[in-house]
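The values are calculated or read from the model by the stated rules, or taken from the named source; none is laboratory data. In this text the structure is predicted, and so the values were computed from the model without any measurement. Reconstructed Cβ throughout: ideal geometry from the backbone, glycine too, with neighbour counts over all protein chains shown. Side chains included, ligands, DNA and RNA excluded: accessible areas come from the protein's heavy atoms. Shrake-Rupley method; radii C 1.70, N 1.55, O 1.52, S 1.80 Å.
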Amino acid sequence: MRRPLIAVLTAAVLCSPLATLTAHADEVRSRMIRFGYGLNENSNQGRAAKLFAEEVAKASAGKLKMRTFAAASLGSDDQMQSALIGGAQEMMVGSTATLVGITKEMAVWDTPFLFTREQQADAVLDGPVGRQVMDKLEEKGLVGLVYWENGFRNMTNNVRPITKLEDFSGIKLRVMQNPVFLDTFKQMGANAVPLPFSELFTALETKAVDGQENPYNTILSSKFYEVQKYLTVTNHVYSPWIVTASKRWWDGLSQTEQKILLDAAKTARDFERQDTRAEASKALALLKDSGMQVNEISADEVQRMREQAKPAIQKVIDTVGQPLFDQVQAELAKTSN
Ligand code: TK8
């Protein structure tokens, strides 16, 4: 039987690229999204991941189903990044520092002592230069959505309290798999060993390494206080987390779906930063209560560490290029201290 001409024409219009595009743009399909992260469910990262998933469900009337996977159950940061690039996993949150091997510009956030206050980090990361660095991920198969806060990093170890530069000497210190961190701590005199976060607790417990460095929140949520005696308040670097998506997958989403995810990631970011700061302000007391011996270092010693870190800063500049480094400094100068 021949179809009436009108039906043929209607079908042709509906199937034309333009019609497909407009119909597709605000379509929200039923999808499963695997969102992986490295910390425990009961952590600042876990709480924000949970809120993120809830927001996505709410905004999509339950169509976008985000399943969260804690404690590196989908793999370490590096492994998840590869899965995203290959399209085997949809989304994750992890440290920018673990992305440097993929997008070298990310190393700019590893500059020792770059920020002194969280609000400076917010302004620079959420501003144009933060966006520019994030957008560099696209050519590598990743899409950056927003930066969350990991926080200012502090040292823990089992050998001795760090009161001066020389105290780093010989400490077998786990660092992230990142050349700037490796260099910075070698400069300080430590025996720096790169290791994924997912292997860290066991490495500390079995004394394969003597120490590590992470924000208070992580020392608390990962129970490092059970296997570490000394905590030194060094605040040597501010560490961002970044929410990323597989570009291969992201490009197949409608504009509406992308907007739902981006908006929810921002809501979760705002919650996460507040939650992290509130927890950090109480964490030190909790860590002391759990038996950690906490010490601060004098301003003079911090100055010596800054001096000692200079070659590592030069390495950041060599890695990311002087223009980007200068741009970050210029954005930083615009923030009020
Ligand atoms: C979690 C890590 C962690 C980071 C580290 O997957 O490795 O020490 O601080 O937050 O990205």
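Listed values, structure above:
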| item | result |
| --- | --- |
| Straight-distance crosslink candidates among lysines, where the alpha carbon sits under 20 Å from Lys315 and sequence neighbours closer than 8 are dropped | Lys104, Lys136, Lys186 |
| The chain: relative contact order in percent, alpha carbon pairs under 8 Å with at least 6 residues between | 25 |
| The range 311-337 and the range 217-253: distance between their alpha carbon centers, rounded to Å | 22 |
| Amide H partners (placed H, <5 Å) of Gly321, local residues excluded | none |
| In the range 153-201, the trypsin sites (Lys or Arg not before Pro) that fall in loop regions by DSSP, at most 16 other Cβ within 10 Å | Lys164 |
| Most to least accessible of Ile317, Ile162 (protein chains only, probe 1.4 Å) | Ile317, Ile162 |
